[in-house]
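Engineer: Handing you this structure, nothing more for now.
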Amino acid sequence: GFDELTVVTNSLKIANLLSERASCHLHLIGGELDRKTQCFVGSAAEDSLRTYFVDKAFVSCRGLSREGDVTDGLPVNGSLRRLMLTRAKERYLVADRTKLGLTAFYRITGFEGLDAVILDTLDDGWGEFFAQRGIRVVEAMPKEGKHALYS
C-alpha cells in the first residue's frame, strides 16, 4: 500500500522504516534531534515543515482530556504537531488508550481541529464521549464482535 505514497515526517524511526520502500517518496524534515522521541524538532524543523502541504496529517500526543484538549509534554514537540495539523487537508490524531483522560503541559489543539481520532481500543466510556461530540473514531484493535469505525 505504499506505491506512490509521499510521506513527510520528522520521525527518524518512520524514515528508517520507509527508507527501504522504493515506491514511497520520503521527505525527512530537519532540525534538532530529540533523542528521547527520535524526532527532529525546533525552529529549523518548523521552517522546513512550512514548505509542505499534505493531504493527510497523522500526529500523536501525550494526552486527550474530556475537556476537549489534545496536549503534549513539551512545547517544542507540541508546536511542531500543531503546525503539522495546519498544513493538512485532513487531520488525524493517533493515540493509545493510556493517553485518554490525561492533560499534559502544552495544548496542541482541541478536538474541533481534528477529522478523526485513531485509537488502539476504547474503554471507560470514551466511545460514547466521542460519539456525543460527533468525533469520528477509528479503533485499530477492536474487541471481537465490535465495529472498528465509529461516527
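The values are calculated or read from the model by the stated rules, or taken from the named source; none is laboratory data. Since the structure is predicted, the reported quantities are computational estimates derived from the model, not experimental observations. When we count neighbours, we look across all protein chains shown, and the Cβ atoms used for this are built from the backbone with ideal geometry, even at glycine. Note: areas computed on protein heavy atoms with side chains; ligands, DNA, RNA excluded. Shrake-Rupley method; radii C 1.70, N 1.55, O 1.52, S 1.80 Å.
Engineer: Just name the residue that is nearest to G78 (Cα to Cα) out of those in the range 14-43 that are in contact (Cβ under 8 Å) with a residue 12 or more places away in the chain and charged (D, E, K, R).
Structural biologist: Taking the candidates together, the pick is D34.
Engineer: Of the residues that sit in the range 21-50 and are of a type in the set (A, V, I, L, M) and assigned to a strand (DSSP E or B), which one is least open to solvent (accessible area, probe 1.4 Å)?
Structural biologist: By that ranking, first place goes to V41.
Engineer: Looking at (1) more than 21 Å from V41 (Cβ to Cβ); (2) open to solvent by less than 30 Å² (accessible area, probe 1.4 Å); (3) part of a strand (DSSP E or B), can you tell me which one I118 breaks?
Structural biologist: Status for I118: all satisfied but (2).
Engineer: Looking at the range 52-59, can you tell me whether even one residue there is in contact with a Leu (Cβ under 6 Å, 6 or more places away or on another chain), open to solvent by less than 60 Å² (accessible area, probe 1.4 Å), over 21 Å from V138 (Cα atoms) and hydrophobic (A, V, I, L, M, F, W, C)?
Structural biologist: no
Engineer: Please determine whether any residue of the range 6-20 is open to solvent by 30 Å² or more (accessible area, probe 1.4 Å), within 30 Å of D124 (Cα to Cα) and assigned to a strand (DSSP E or B).
Structural biologist: No, the range 6-20 contains no residue that is open to solvent by 30 Å² or more (accessible area, probe 1.4 Å), within 30 Å of D124 (Cα to Cα) and assigned to a strand (DSSP E or B).
Engineer: Answer with yes or no whether T71 is hydroxyl-bearing (S, T, Y), under 13 Å from the mean Cα position of the chain (by Cα) and surrounded by 17 or more Cβ atoms within 10 Å (Cβ to Cβ).
Structural biologist: Here the answer is yes, as T71 does meet what is asked.
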